Amino acid sequence: MAAHQTGRNSGVIHSGIYYKPGSLKARFAKEGGKKLVEYCEQHDIAYDIFGKLIVATDEKDLAGLDNLL
């Protein structure tokens, strides 16, 4: 683990799911995550892919989940 990193580095490969679809942020998050995984595999660097669980905490959030699906 990179103990020397700043407090802003969460160590998470972000999916881009919270960015506007088609935006540069969404595209870069998705492409960057893919390239990082490829780099780790090429250099025998351990990583884990846990996935993401998104839940509705209120009935009004259900429409947003339908959009994601």
**Prompt:** Where does each of 47-54, 19-26 land if you order them by average Cβ count within 10 Å, highest first?
**Reply:** 19-26, 47-54
**Complete:** Simple spin-label estimate for residue 19/residue 59, 7 Å along Cα→Cβ, in nm, reads 3.5 nm
**Item:** Between 0 and 90°, nearest 10: helix 24-42 axis offset from the chain longest Cα axis
**Value:** 40 degrees
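Throughout, read-outs are computed from the coordinates displayed, never taken from laboratory work. From a predicted model like this one, the values you see are computed outputs, not experimental measurements. Note that each Cβ is placed from the backbone with ideal geometry, even for glycine, and that neighbours are counted across all protein chains shown.
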